[in-house]
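Readers should treat all values here as calculations from the given coordinates under stated rules, not as data from a laboratory. Just so we're clear, the structure is a prediction, and the values are computed from it rather than from any experiment. Note: ideal-geometry Cβ built from the backbone for every residue, glycine included; neighbour counts use all protein chains shown.
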Amino acid sequence: MRCSSCRAPAVLDVARHNAAFCERCFLTHCREQVARAVRHFGMLDDGDRVLVAVSGGKDSLALWDLLLDLGYRADGLHLGLGIDGYSDAGAQRTRVFAADRGARLQVLDLPSELGFDIPSGSRAARRTPCSACGLSKRHLFNAAALEGGYAAVATGHNLDDEVAVLFGNVLRWDLAYLGRQLPVLPAAPGFARKVKPLVRLGERETAAYCVVRGIDYVIEECPMSAGNRHLRYKEAFNSIEERSPGTKAAFYFGFLERITPLVEPAAAAERGDLHPCPSCGSPTVTEVCAFCRLAERARA
Ligand code: AMP
Ligand code: FES
Ligand code: ZN
């Protein structure tokens with residue numbers, strides 16, 4: 001197998017692109033895919049200050065590295081979620097990366113700074129751990145980006161993540177979620193801009209990127225996500241993709257091009273009127289926002 005760009009021996013094939021790459025050209029490929037997503041979807045302007053949400057896993061560490069290399073002023077934000085046997089490893093990998101790259105990192109430890117962790121928050125709010133975790137992460141990323149005056153908050157969602165979530169939303173024809181499943185959500189009063197610059201890379205590519213770049217990341221999946229339906233959807237799509245390379249990209253990018261314009265108005269109509277949460281000031285449709293309700297119950 002030879003590199004499609006320079007004909008040197010290849011180390012990795014990317015069937016979706018009908019290409020194979022040597023290490024050097026593979027890094028170029030990853031940078032190009034991110035630059036292309038950023039440009040195509042208008043995610044960031046040159047030199048923007050961006051807050052990267054970094055878990056210590058392959059995707060968010062690769063994202064941080066790529067954004068720094070592309071010249072963005074990218075600071076990291078790591079949340080300590082208080083998940084036994086998992087959270088410490090993520091914090092450690094994130095700190096090592098920040099120190100190696102001389103990048104700025106903000107760490108917010110939920111148990112010691114907010115008085116609850118995800119397992120207790122999920123029990124108190126009677127939500128699944130992933131739902132309590134997702135809700136808390138969205139709230140805290142947004143608050144930190146607004147407070148720090150960042151142009152955007154970037155997360156490491158990759159093509160496989162977006163395909164699995166899209167498939168779940170389609171199975172339930174959830175228009176509200178479909179209308180919001182975009183690689184860029186623009187800033188609005190009380191909301192920072194949200195961007196997903198890795199949507200053109202699959203998780204095999206982000207893992208390979210970290211290996212080639214010598215970035216140490218947490219390999220284990222979160223123990224609380226075991227049995228999560230998105231993991232099952234990923235397995236199903238991997239077996240389809242193996243036989244028909246390009247299916248994932250066609251499904252996701254076809255949705256963005258052809259379906260999003262149809263569902264966005266329906267999704268907007270489903271959203272209620274927003275007002276500021278009396279406790280934290282975040283826009284919410286319920287009286288007190290879902291994050292403040294969860295935090296209050298978990299601390300009780
Ligand atoms: P997940 O919800 O675990 O699929 O993660 C999606 C994205 O959220 C990751 O790619 C990161 O950008 C971000 N993220 C997940 N966990 C954390 C964390 N503990 N601290 C900061 N960012 C995180
Ligand atoms: Fe959120 Fe596991 S990382 S539930
Ligand atoms: Zn609130």
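Quick look at the numbers
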quantity: Rel. contact order, % - alpha carbon contacts under 8 angstrom, at least six apart, the range 117-204; calculated: 31 percent
quantity: Cα-based Rg and Dmax for the range 1-123, where Dmax is the largest Cα-Cα distance (Å); calculated: 17.8, 56
quantity: Whole-percent pair-distance distribution, where bins are 10 Å wide, for the alpha carbons of the range 80-150; calculated: 18, 46, 31, 5, 0
quantity: Cross-link table 196/248; 194/248; 137/194; 137/248, entries beyond 19 Å C-alpha to C-alpha; calculated: 194/248; 137/248
quantity: For the range 13-83, the spread of Cα positions along each principal axis, largest first, Å; calculated: 41, 32, 20
quantity: Along each principal axis, Cα extent of the chain, largest first, Å; calculated: 61, 45, 39
quantity: Inter-label distance for residue 176 and residue 287, nm, one decimal - labels placed 7 Å from Cα along Cα-to-Cβ; calculated: 1.9 nm
quantity: Lys, Arg +1 and Asp, Glu -1 on Cβ, resulting dipole of the chain about Cα centre, debye, nearest 20; calculated: 340 debye
quantity: Unit charges on C-beta of K, R, D, E only; dipole of the range 101-141, Debye; calculated: 220 debye
quantity: Length-normalised contact order for the chain - Cα pairs under 8 Å, 6+ apart - percent; calculated: 21 percent
quantity: Peptides 266-275, 118-127 ordered by average Cβ neighbours within 10 Å, highest first; calculated: 118-127, 266-275
quantity: Principal axis dimensions, the range 173-234 - Cα atoms, whole angstrom, descending; calculated: 39, 29, 21
quantity: Built amide H within the under 5 Å cut-off of residue 20, gap 5+; calculated: 4, 14
quantity: Counting all C-alpha pairs of the range 187-300, share separated by more than 26 Å (%); calculated: 50 percent
quantity: Average Cα contact separation per residue, the range 30-98, under 8 Å, 6 or more apart, as relative contact order %; calculated: 32 percent
quantity: Stokes-Einstein diffusion coefficient of the range 51-179, Kirkwood radius over Cα pairs, 37 °C, 0.692 mPa s, in µm²/s; calculated: 208 µm²/s
quantity: Between the range 141-192 and the range 214-253, the Cα center-to-center distance that results, in Å; calculated: 18 Å
quantity: In degrees, nearest ten, helix 58-69 long axis to first principal axis of the chain (Cα); calculated: 70 degrees
quantity: The chain: angle of helix 290-299 to the longest principal axis, Cα-based, in degrees nearest 10; calculated: 70 degrees
quantity: Added length on full extension, which subtracts the Cα-Cα distance from 0.36 nm per residue, residue 242 to residue 46; calculated: 66.9 nm
quantity: Kirkwood estimate for the range 116-245, i.e. one over the average of 1/r between Cα atoms, Å; calculated: 16.7 Å
